[in-house]
Amino acid sequence: MILKILVFLVVISLLFYLITYPYNFKLNRKLNRILKFSEIEKIAEMETKYSEFSEEDFEKELILDLKKIKSSYTNEDMEILVLKPKVFKSDPLCLVLLHGIRDNAEDWINRAKLRENYLTLKNLGKVDDIVFIIPNSGYKGESWYSNFYKDRNHQYEEFFSKDLINFIEKEYPSSKKGIAGFSMGGYGALKIGLKNLESYDIIASFSGAISLIRMSINRRVMRIFRYLYVPKFLFNDVNKAHFVKVFSPWGYKILRNDPYSIIKTIRSERFEGKKFYLSVGSEDKKPYLMFQQWLDVVGRAKKYNLDFKGKIYENEYHTWEYISKDIYNFLMFFTDETKKRK
């Protein structure tokens, strides 16, 4: 009898999963609805806009320092790159940039072409003085900017929510601040930004993993079985096994760390004065469904009246090359929006 019940439940679950799977026709229907939002901009072709500079040019204009912070929340010293103009006004803008999984802080310099984009815009008078705070995520690039489940030695969210913010506010107490990230860094930026709205004026995700329930298991199944323990054997590759190590196999614990789910738990008045930037490439669909996650979160941002700008870039994938183009637009957005908040 028990075996029959288990088989029945498995069959029903599979049918439910197949029926609710995000097929292309469903995604297209959702995309067509979202494209009608006034906050959304669809960009057909995105070209590189930054100029080339020599290392001598960089050394003349910019300072790049490596800082180390000893934290009580992790068992490793946390490293931070600080990129700043050699000469800047007393209250520069501060922008935290978070990298993706198994990447590192230097990727913002070498692969996102941050210096080239910033100096190009600075020479055109399109951005203000910006100090870039670029941390390594910890745990060899796999921290997920999160507190590991049942692991007191790897409480990375605590570090980024407390130690990093304290570091910035001590160095630049009167500066307007933003936090942004790519991929896993987009997840970290949106989650940490949502949980620390008092600390950041601008919060941004570039192709971020910002709807965890879509990554972990079919999101409608997760809604129903939020208290279900998801057996580890269902996560049979390295990334999924690590996901469970960080967030736990319990549905409700995953939801607590899911930006898509966090948005609806925040009182609307706390969003006042905050601006969100959410971008994605139209082809960033596999293997981690970043395009689908973007659709989820943009729809929810609209529903809960967040002040946001959404960008979708046609024919762009999950690459640092894409970020090296999008960061140009975002730095202008960051400067313009912080000016409005002075």
If the requirement is being surrounded by 12 or more Cβ atoms within 10 Å (Cβ to Cβ), among the polar types (S, T, N, Q) and over 27 Å from residue 309 (Cα atoms), which of these qualifies: 71, 54?
71
For the subset of region 195-218 comprising residues that are among the charged types (D, E, K, R) and out of contact with any Ser or Thr (no Cβ under 7 Å at 6 or more places or on another chain), which member is modelled with the highest pLDDT?
198
Could you say whether any residue in region 15-27 is at pLDDT 95 or above and aromatic (Phe, Trp, Tyr)?
no
Checking residue 116 against (1) more than 15 Å from residue 134 (Cα to Cα); (2) touching a Lys or Arg at 6+ places or on another chain (Cβ under 9 Å): exactly one of these is not met. Which one?
(2)
Please identify the pairs in which a residue from region 187-203 that is within 17 Å of residue 247 (Cα to Cα) has its Cβ atom under 8 Å from the Cβ atom of a residue that is in a helix (DSSP H, G or I) and among the hydrophobic types (A, V, I, L, M, F, W, C), counting only partners at least 6 apart or on another chain.
187/212; 188/160; 190/297; 191/262; 192/160; 195/262
Only unsatisfied item for residue 262, checking (1) over 21 Å from residue 112 (Cα atoms); (2) open to solvent by 20 Å² or more (accessible area, probe 1.4 Å); (3) not aromatic (Phe, Trp, Tyr), is (2)
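Looking at 277, 304, 288, which one is in contact (Cβ under 8 Å) with a residue 40 or more places away in the chain, more than 24 Å from residue 36 (Cβ to Cβ) and not aliphatic (A, V, I, L, M)?
Details: 277 fails: more than 24 Å from residue 36 (Cβ to Cβ); 304 fails: more than 24 Å from residue 36 (Cβ to Cβ).
One residue alone meets the criteria, 288.
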Checking residue 317 against (1) surrounded by fewer than 20 Cβ atoms within 10 Å (Cβ to Cβ); (2) in a helix (DSSP H, G or I); (3) modelled with pLDDT of 95 or more: exactly one of these is not met. Which one?
(2)
The residue that is nearest to residue 147 (Cα to Cα), considering only those in region 265-287 that are surrounded by 15 or more Cβ atoms within 10 Å (Cβ to Cβ) and of a type in the set (Asp, Glu), is 284
Turns out the helices (runs of 4 or more DSSP H) fully within region 122-220 with at least 1 residues that are open to solvent by 30 Å² or more (accessible area, probe 1.4 Å) and under 25 Å from residue 253 (Cβ atoms) are 184-195, 212-216
Screening 312, 323 for residues that are farther than 22 Å from residue 27 by Cβ and either open to solvent by less than 10 Å² (accessible area, probe 1.4 Å) or in a loop (DSSP other than H, G, I, E, B) (or both) leaves only 323
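The values are calculated or read from the model by the stated rules, or taken from the named source; none is laboratory data. The structure presented is a predicted model; accordingly, all values stated were derived computationally and were not measured. For neighbour counting, all protein chains shown are included, and Cβ atoms are generated from backbone atoms with ideal geometry for every residue, glycine included. Please note that ligands, DNA and RNA were not included when accessible areas were found on the heavy atoms of the full protein model with its side chains. Shrake-Rupley method; radii C 1.70, N 1.55, O 1.52, S 1.80 Å.
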